[in-house]
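Below: one structure, written as structure tokens.
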Amino acid sequence: GLRIFTFLIAFTLLFLGIEDLIIDLIYWIRWVWRRCFIYTRHHYADEQLLFSKKEKPLAIMVPAWKEVGVIAQMVNTAATELDYENYQFFIGTYPNDPETQSDVKEACSHFENVHQVICALPGPTNKADCLNNILAAVLAFEKAAAVKFSGFILHDAEDVISPLELRLFNLMIERNDLVQIPVYPYLRRNWWSFTANHYADEFAEWHGKEVVIREALAGLVPSAGVGTCFSRRALTLLLDEGDGIAFSTQSLTEDYDIGIRLRQAGMREIFVHYSPRDPSLAPLRERRFGVQRRAGQVIC
């Protein structure tokens, strides 16, 4: 019995290892092909393309439960560093979380484009439920302010947003319905922080390689739940499908669910790896041995 069990485990590991090997082979063959035949004829787009587009109105949606001491700092950092003017922050809080509400109210008093949303149900619910409440407030704001948002952006309270992120979304959302940028861990950990470092490695592998190949082979880009921008057409479809409920509260991975639903509806999804040439425009850049310049200062 132990021999059979060991054989089954070994076979499973072999099968999964071959699958990983295939992804690696496709990635490197594609990398060599593009390096030799694509970028010898076409140049990488620079940041001037980002600045050439007129700013369209964008909505940033941030769910917040027990984020006291975090959410206000996140909003302050974004509001002072984002190289973009035409956007509005909508932060979802809960009626039974007065501390976070107080933080958000303080942010609203400092920045006129920050708006607090109080969810109908006491928390914690799930992220999808909070996002549905936020989206309802966004649509109500549109009617009151006579504005139509071109893009709807997902972020979390602990996110550090690249200054050029909104300019990138502003450029890409014209022709795409789901735009995802890379998500990388910002804080460095000690080598013995195995859980945090495993999470960091997962995102590096996922957004450095696997999502790139998924998009190339199937055109499917799973949303990471943060750093994601939806087009107005995509949100309209999700609202129509869900009878006014865009984000599925029955799914623990509403971001994956949305990526699949949009792709099945024939919408265009794209994973954008965009690096400004000017290092001063990429304050999140990573400078260490073995990290290429374009990879190290990507908008993420």
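The values are calculated or read from the model by the stated rules, or taken from the named source; none is laboratory data. The shown structure was predicted, so the numbers you read here are calculated from the model rather than taken from an experiment. Backbone-built Cβ (ideal geometry, glycine too); neighbour counts: all protein chains shown. Heads up: the accessible areas ignore ligands, DNA and RNA and are worked out on the full protein's heavy atoms, side chains in. Shrake-Rupley method; radii C 1.70, N 1.55, O 1.52, S 1.80 Å.
Just to verify a number: what accessible area does K209 come out at with the full protein assembly present, 1.4 Å probe, Å² rounded to tens?
Its accessible surface works out to 30 Å², give or take rounding.
With a Förster radius of 41 Å, plug the Cβ-Cβ distance of R232 and F5 into 1/(1 + (r/R0)^6) and report the FRET value to the nearest 0.05.
On the way: r = 54 Å, r/R0 = 1.31.
So, using R0 = 41 Å, E works out to roughly 0.15.
So, with +1 on the Cβ of K and R and -1 on the Cβ of D and E, and no other charges, what is the size of the charge dipole of the chain about its Cα centre, to the nearest 20 debye?
On the way: 30 positive and 37 negative charges, 243 e Å.
Result for the chain is approximately 1160 debye, rounded to the nearest 20.
Once whole DSSP H runs in the chain are found, which of them have Cα atoms spread over 30 Å or more along the helix axis and a mean Kyte-Doolittle score of at least 0.0? Show your work: numbers first, answer last.
Numbers: long enough: 2-33 (46 Å, 1.56).
Helices passing the filter in the chain: 2-33.
With an 8 Å Cα cut-off and a minimum separation of 6 or more residues, compute the relative contact order for the chain in percent.
Worked out over the chain, it gives 20 percent.
Which one, C130, I60, Q48, projects farthest toward the positive side of the charge dipole computed for the chain from Cβ point charges (K/R +1, D/E -1)?
Q48
When we measure straight from the Cα of K143, which aspartates and glutamates land under 19 angstrom away, once same-chain ones fewer than 8 places off are left out?
E112, D240
In sequence order, what are the phi-derived ³J(HN,Hα) couplings for segment 285-291 according to the Karplus relation 6.51 cos²θ - 1.76 cosθ + 1.60 with θ = phi - 60°, rounded to whole Hz, with x for glycine and proline?
4, 10, 10, 7, 4, x, 9
Rounded to the nearest whole Å², what accessible area per residue is found for the chain with the 1.4 Å probe?
With all protein chains present, the chain gives 56 Å² per residue.
Go through segment 235-292 and name the chymotrypsin sites (Phe, Trp or Tyr not before Pro) that are in a DSSP coil and have 13 or fewer other Cβ atoms within 10 Å of their Cβ. Don't jump to the answer; show the numbers that get you there.
Values: sites: F247, Y256, F271, Y274, F289; in loops: F247, Y274, F289.
Filter output for segment 235-292: F289.
Which is farthest toward the positive dipole end of the chain among H273, V179, A72, measuring Cα position about the Cα centre, with Cβ charges +1 (Lys, Arg) and -1 (Asp, Glu)?
After comparing all options, I get H273.
Over the chain, what percent of the accessible surface lies on carbon and sulfur atoms, probe 1.4 Å? Show your work: numbers first, answer last.
Values: 9680 of 16790 Å².
Here carbon and sulfur together make up 58 percent of the probe-accessible area.
Using only helices, what value at 222 nm comes out for the chain when you add -39,500 (n - 2.57) per DSSP H run of length 4 or more and divide by the total residues, to the nearest 500 deg cm²/dmol? Mind dumping the intermediate values first?
Values: 11 runs with 132 residues, N = 300.
That comes out to -13500 deg cm²/dmol.
Not counting ligands, DNA or RNA, and with a 1.4 Å probe, what is D156's accessible surface area in Å² rounded to the nearest 10?
40 Å²
Quick check for me: using +1 on Lys/Arg Cβ and -1 on Asp/Glu Cβ, what's the dipole size of segment 168-299 about its Cα centre, in debye to the nearest 20?
On the way: 16 positive and 16 negative charges, 160 e Å.
It works out to roughly 760 debye.
Which entries in the list K127/K209; K53/K127; K56/K209 go over 29 Å, if you measure between the two C-alpha atoms of each? All intermediate terms of the calculation are to be shown ahead of the outcome.
Working: K127/K209 27 Å; K53/K127 32 Å; K56/K209 31 Å.
Table pairs above 29 Å Cα-Cα are K53/K127; K56/K209.
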